[in-house]
Amino acid sequence: DAVRERLGSRGVTQLWRELSDTVGAMAGPIDVVGKAADGSLAIVIPEAAVAEARHQLWEVGQAITARTFVIEGESLHVTPMIGFAPFDDISGTTLSQRVATALSHAATHLDLEPFRWVSGLEPVAALGAKPSSWVWQDLLGLPAQLGLSVLLALVVPFFVYVAAYNSGHDIVPAMYFLVLAGLLVTATLIWIECFMAMKRSDPPEFNGNYPAAVGIIAAYLPNEAATIVETISAFLASDYPGPYEVILAYNTSRSLPVESTLRRMARKDPRFRPIRVRGSTSKAQNVNYAVGQTRAEMIGVFDADHHPEPGSFARAWRWLAAGNDVVQGHCLIRNGSESWVSRTAAVEFELMYAVSHPGRARLHGFGLFGGSNGFWRAHLLRQTRMHGFMLTEDIDSSMRVIETGGKIVSDPFLISRELAPTTLQALWNQRLRWAQGWFEVSIRHTWKALVSTHLTRRQKLGVLHLMSWRELYPWLSVQMYPIIAFWAWRLGGPQRIHWLVPIFVLTTVFTVGTGPTQALVAYLLAHPDVRAHRGWFWWYMGVSVVFYTSFRNLIAVVGQAKHMRGDRQWKVTPRSPGVGST
């Protein structure tokens, strides 16, 4: 419809011809390609297994996405939506009905993945009621998640230690040294990251013509309506030296007054295009739709609360022009003064983006993450897309790039300011989704990365650290509590425990010292806007020792338990409507 509106019926006919040529060239000798009754392009693939057909359809989608179609003198990029169904028992529904149902689901993702029909699958329009399992998850809620996590992490290990001891096998000494070794390894890696982050790295200068660039902002407007106008204004203030546009790809459950304001802004500045993505329920769908609406060579992906610095797009292109595929910038909290929660998050983000990300990139030989304040080569993002079925679709996309040999760099001087949660409940919801999303990505990608021929041995060790060890460590780090409880039980009380064991004291001093060291390095490398608040860093040191480190480990454990229960509900992080810059 968009092509017909823009180029007329002749343009549509020409596009169909080009598409059929592309698909036909990839068809097998007995495959049939044609136009279906509903107007879609249909492929019959006889004598093929499901996995074989899926791979063939995936390759077709990649070929369509990679091609630039020149229609009526206009260059177009096309996003295919692929649904398929196998030839088997078709009682109850016709094969075409099954394919149409699968296609309706593929249309909600726009991620190039062929969507297979399975028994019981309903069309998207027929969905609405929560599955019964969701009802039970709602009833159980947070208390059950916390209780289950504490039971698995602390209570069960204590009784295992007791049962093993009573059967004549004391496994606690081995566990004790295993826990100490784990703490030492993690602390050592953190110290190395800190030292490696101290070296500044800038992109090479670029003296050519800057290509077309676009900033894609994914938004859920009922949640972000109060801040989106300010966000668009910040993007339009960019001083990028090449062709530049801003696309707001948003979904909303109802029409909002702010949409009229957005349309007025678009009429005033043609560089801005607001697009309401019908039927979207996720950031991934919004981004995937917007990617198909631009011909830019560089795409910056942002959440709706981000305010990039004016020179960000030019600096990002210098990294891409130097041979990199994705560059991840520094997300800076701009509302740190709102509450103790946002103050804590402001310092934590400096630890992440000024210390951990660049330090780990140098340690492991690859950067990670390109989801917000991330800049992509447009053709790569068109081929990679974001998977809406993943809780952290941006990390999933980044891992798929790394596994195929793509280069991601981290630049702590590529600044974009965003909002942090201001309440503990909002922070819990946000970080729980992150933790569960990381666990999901680790399950999906660790083995794929380890067997990839594009990664070096050093990079594969980095994957083990970032994925496997990251998920194991929260469980291992809390084992000291059931171990101490076991000692107290065996010796007749905690007062009988000999606390001044040299290895225990030295390990404790070394591991506890990593927190203040991280905070000190983060202070030295932090953006001036945050470094100006020296008291925030002292606050972070104290709250980390007393509460926050254990809080983050608990979130990681709960996230894993939640995922294993099949609870994948996504909660939007609420935005404060009165938030301003600090």
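The values are calculated or read from the model by the stated rules, or taken from the named source; none is laboratory data. Remember, it's a predicted structure, so these values are computed and weren't measured experimentally. Note that we place each Cβ from the backbone using ideal geometry, even for glycine, and neighbour counts take in every protein chain shown. Note: areas computed on protein heavy atoms with side chains; ligands, DNA, RNA excluded. Shrake-Rupley method; radii C 1.70, N 1.55, O 1.52, S 1.80 Å.
Among the residues that make up segment 298-308, is at least one of them modelled with pLDDT of 95 or more, more than 12 Å from Ile216 (Cβ to Cβ), open to solvent by less than 10 Å² (accessible area, probe 1.4 Å) and β-branched (Val, Ile, Thr)? Taking every residue of segment 298-308 in turn, none turns out to be modelled with pLDDT of 95 or more, more than 12 Å from Ile216 (Cβ to Cβ), open to solvent by less than 10 Å² (accessible area, probe 1.4 Å) and β-branched (Val, Ile, Thr). In the set Ala532, Ala519, only one residue is at pLDDT 85 or above, open to solvent by 60 Å² or more (accessible area, probe 1.4 Å) and small (Gly, Ala, Ser); that residue is Ala532.
Exactly one residue out of Tyr176, Tyr210, Tyr165 is over 30 Å from Leu524 (Cβ atoms), open to solvent by less than 40 Å² (accessible area, probe 1.4 Å), in contact (Cβ under 8 Å) with a residue 24 or more places away in the chain and among the hydroxyl-bearing types (Ser, Thr, Tyr), and it is Tyr176.
Filtering segment 241-251 down to residues that are open to solvent by less than 20 Å² (accessible area, probe 1.4 Å) and within 27 Å of the chain's Cα centre (by Cα), which residue is farthest from Ile415 (Cα to Cα)? The residue in question is Asn251.
Residue-by-condition table, conditions (1) closer than 24 Å to Ala66 by Cβ; (2) open to solvent by 60 Å² or more (accessible area, probe 1.4 Å); (3) touching a strand residue (DSSP E or B) at 6+ places or on another chain (Cβ under 7 Å):
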{"residue": "Arg17", "(1), (2), (3)": "yes, yes, no"}
{"residue": "Ala37", "(1), (2), (3)": "no, yes, no"}
{"residue": "Ser40", "(1), (2), (3)": "yes, no, no"}
{"residue": "Ile43", "(1), (2), (3)": "yes, no, yes"}
{"residue": "Ala48", "(1), (2), (3)": "yes, no, no"}
{"residue": "Ala51", "(1), (2), (3)": "yes, yes, no"}
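Consider Ala106 carefully, then state whether it is closer than 24 Å to Thr281 by Cβ and of a type in the set (Gly, Ala, Ser). Here the answer is yes, as Ala106 does meet what is asked. Name every residue in segment 109-119 that is surrounded by 21 or more Cβ atoms within 10 Å (Cβ to Cβ) and either free of Cβ contacts under 8 Å to residues at least 12 places away in the same chain or of a type in the set (Ser, Thr, Tyr) (or both), in order of residue number. None; the set is empty. Residues of segment 444-464 that are assigned to a helix (DSSP H, G or I) and open to solvent by less than 30 Å² (accessible area, probe 1.4 Å): His445, Thr446, Ala449, Gly462, Val463. Phe369 fulfils the conditions (1) touching an Asp or Glu at 6+ places or on another chain (Cβ under 9 Å); (2) open to solvent by less than 20 Å² (accessible area, probe 1.4 Å); (3) closer than 23 Å to Leu432 by Cβ except for a single criterion, (2). In segment 394-401 there is at least one residue that is of a type in the set (Lys, Arg), touching a residue at least 24 places away in the same chain (Cβ under 8 Å) and in a helix (DSSP H, G or I). If you go through segment 402-425 and pick out every residue that is surrounded by 20 or more Cβ atoms within 10 Å (Cβ to Cβ) and out of contact with any Asp or Glu (no Cβ under 6 Å at 6 or more places or on another chain), you end up with 11. When residues in segment 314-341 are screened for being closer than 22 Å to Leu525 by Cα and open to solvent by less than 20 Å² (accessible area, probe 1.4 Å), 12 of them pass. So, Leu363, is that one open to solvent by less than 10 Å² (accessible area, probe 1.4 Å) and either farther than 24 Å from Ser452 by Cα or out of contact with any Leu (no Cβ under 7 Å at 6 or more places or on another chain) (or both) or not? So Leu363 fails the test.
Against the list (1) open to solvent by less than 30 Å² (accessible area, probe 1.4 Å); (2) out of contact with any Ser or Thr (no Cβ under 6 Å at 6 or more places or on another chain), the condition Lys283 fails is (1).
Is it the case, given these coordinates, that Ala556 is touching a residue at least 12 places away in the same chain (Cβ under 8 Å), in a helix (DSSP H, G or I) and within 18 Å of Leu332 (Cβ to Cβ)? Judged against the criteria, Ala556 is not a match. Contact annotation: residue pairs with Cβ atoms under 9 Å, 6 or more positions apart or on different chains, pairing a residue in segment 231-242 that is closer than 23 Å to Phe206 by Cα and part of a helix (DSSP H, G or I) with a partner that is open to solvent by 20 Å² or more (accessible area, probe 1.4 Å) and among the hydrophobic types (A, V, I, L, M, F, W, C), are Leu236/Met265.
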